[in-house]
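Throughout, read-outs are computed from the coordinates displayed, never taken from laboratory work. Keep in mind the model is a prediction, meaning the values are calculated, not measured. Cβ placement follows ideal geometry from the backbone for every residue including glycine, while neighbour counts extend to all protein chains displayed.
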Amino acid sequence: MRLFRAIGFRAKALWVAFAFVVPLVLVLYYLRSAETAQIEVARAELQGVAYVRPAIELMRAAQARRYALMMRTGCAMPSRH
């Protein structure tokens with residue numbers, strides 16, 4: 001407190017402004033970091049979906065072919081319990 005009595009108004013105002021700006025800058029930095037991390041996760045998910053899409057299409061085609069064969073041969077559908 002003695003230091004604040006010894007310094008002028010301009011210096012006090014700068015210290016108070018500094019006390020508010022530092023936490024604000026830190027919060028903005030962490031917010032930006034979290035946002036960047038979420039963007040990277042989303043990009044990785046999109047790459048994963050693009051990688052798996054042909055396999056899913058192949059699986060659907062195989063299932064459709066198996067179903068068509070079962071209908072042609074008259075085989076009963078397996079029951080799902």
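Across the chain, the volume of the C-alpha convex hull divided among the residues equals 135 Å³ per residue. Put a dot 7 Å past each Cα toward the Cβ at Leu46 and Ala19; how far apart are the dots in nm? Rounded to a tenth, the inter-label distance reads 4.5 nm. Computed extension length for Val27-Arg60: 7.1 nm, one decimal, from 0.36 nm per residue of separation with the Cα-Cα distance subtracted.
Around the Cα centre of segment 2-73, unit charges on the Cβ atoms of Lys, Arg, Asp and Glu (plus for the first two, minus for the last two) sum to a dipole of about 160 debye. With each label modelled as a point 7 angstrom along the Cα→C-beta vector, the Arg10-Arg72 pair spans 9.2 nm.
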